[in-house]
Amino acid sequence: MTQTTTTEYKHILVDEGNVPFIKGTSMKVVELITSIHAYGWSPEELHFQYPHLSMSQIYSALAYYWEHKEQIDADMQQRFEYAERLRLETGESQLAKRLRAEGLIK
């Protein structure tokens, strides 16, 4: 069983790895914030895109983010660097090579 810690934010718990997530879901605060950075979504758009989250949960996650911005921004950067490292190590897929050769992608 996963160990969690409550926070002063009604809908936010922190798991044993010190990763904040939205109570009652598997969504991490960093994942919600990444959607804002990637797509520029408003809280209402986040609710539309993630209908399993209430507006209260979304605003609680946003409040948690602004109080812990440095930590969550560092987590996002670490995730990006990990994904980029894997992308470079893996190289281009056979499908991408074929599509590029056919001029279907750049």
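Read-outs throughout are calculated quantities, based only on the coordinates presented, and are distinct from any laboratory measurement. Because the structure is predicted, anything quoted here is derived from the model rather than measured. A quick note on method: Cβ atoms are made from the backbone with ideal geometry, for glycine too, and the neighbour counts reach across all protein chains shown.
Could we say that K28 is out of contact with any helix residue (DSSP H, G or I) (no Cβ under 7 Å at 6 or more places or on another chain), among the basic types (K, R) and closer than 20 Å to Q78 by Cβ here?
So K28 passes the test.
Looking across segment 46-66 at every residue that is surrounded by fewer than 14 Cβ atoms within 10 Å (Cβ to Cβ) and not hydrophobic (A, V, I, L, M, F, W, C), the one that is nearest to I33 (Cα to Cα) is identified as Q49. For segment 11-30, the candidate set comprises residues that are out of contact with any His (no Cβ under 6 Å at 6 or more places or on another chain) and part of a strand (DSSP E or B); within that set, the residue that is nearest to Q57 (Cα to Cα) is I12.
Any chance segment 74-95 includes a residue that's surrounded by 11 or more Cβ atoms within 10 Å (Cβ to Cβ) and of a type in the set (S, T, N, Q)? Scanning segment 74-95, I find at least one residue that is surrounded by 11 or more Cβ atoms within 10 Å (Cβ to Cβ) and of a type in the set (S, T, N, Q), so the answer is yes.
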